[in-house]
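Data first, discussion second: the structure below is written as structure tokens.
The values are calculated or read from the model by the stated rules, or taken from the named source; none is laboratory data. Because the structure is a prediction, the values reported are computed rather than measured. Positions of Cβ are generated from backbone atoms using ideal geometry, with glycine treated the same way; all protein chains shown enter the neighbour counts.
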């Protein structure tokens, strides 16, 4: 069962009511990768194209180590050849930009976070307070159901967006 942790103020509500009420609810944190040009990119903008083009990839983990470097750990069904790895790197750079170095590493296992959870992507950069949201911010194309890239990267502060349920 889920728990809700509530921090209640020591003073009564400004409206005069004696009962406490929740002021706002903050959803789960969605990390975005900060790119050299200032865009903030949701990691799924990188993952979705990879999953569609790399039938040899079994599991992945993306770690932003620096603004201009993202490590891509891949657990694979079969060993990819050099051309396949180069193609994956070009695909990633077509989304994030040529300034970003993608270090692709074929691994035997991907360890869970110390919390025990599997984190498919995360950033080692300082947390950005704009990375709060409650779901994916991509919108679906009406023709093929795929996500449109422009909604996965944002030039400035986080903007509210809804998830297309259809």
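Among the residues of segment 39-59, those that are farther than 17 Å from residue 78 by Cα and in a helix (DSSP H, G or I) comprise 44, 45, 46, 47, 48, 49.
Filtered by the rule that a residue be farther than 14 Å from residue 105 by Cα and surrounded by 16 or more Cβ atoms within 10 Å (Cβ to Cβ), segment 75-91 gives a lone residue, 91.
Residue 122 satisfies every condition listed in (1) modelled with pLDDT of 95 or more; (2) more than 18 Å from residue 53 (Cβ to Cβ); (3) surrounded by 14 or more Cβ atoms within 10 Å (Cβ to Cβ) except (1). Of the residues making up segment 60-74, not a single one is surrounded by fewer than 15 Cβ atoms within 10 Å (Cβ to Cβ), more than 18 Å from the chain's Cα centre (by Cα), modelled with pLDDT of 95 or more and part of a loop (DSSP other than H, G, I, E, B).
The set of residues in segment 125-152 being part of a loop (DSSP other than H, G, I, E, B) and either modelled with pLDDT of 90 or more or in contact with a helix residue (DSSP H, G or I) (Cβ under 8 Å, 6 or more places away or on another chain) (or both) consists of 136, 137, 138, 139, 146, 152.
Report the residue count in segment 52-96 for those that are touching a strand residue (DSSP E or B) at 6+ places or on another chain (Cβ under 7 Å) and within 26 Å of residue 39 (Cβ to Cβ). Number satisfying all stated conditions: 21. Of the residues making up segment 40-61, those that are within 14 Å of residue 106 (Cα to Cα), touching a helix residue (DSSP H, G or I) at 6+ places or on another chain (Cβ under 8 Å) and touching a residue at least 60 places away in the same chain (Cβ under 8 Å) number 1.
Taking residue 36, is it over 14 Å from the mean Cα position of the chain (by Cα), at pLDDT 80 or above and outside any helix (DSSP H, G or I)? For residue 36, the condition - over 14 Å from the mean Cα position of the chain (by Cα), at pLDDT 80 or above and outside any helix (DSSP H, G or I) - is met.
For segment 75-113, give me the residue count where each residue is in a loop (DSSP other than H, G, I, E, B) and under 26 Å from residue 40 (Cβ atoms).
Going through segment 75-113, the residues in a loop (DSSP other than H, G, I, E, B) turn out to be 77-81, 97-100, 107-113.
Keeping just the survivors that are under 26 Å from residue 40 (Cβ atoms) gives 97-100, 110, 112-113.
Looking only at that region, the number is 7.
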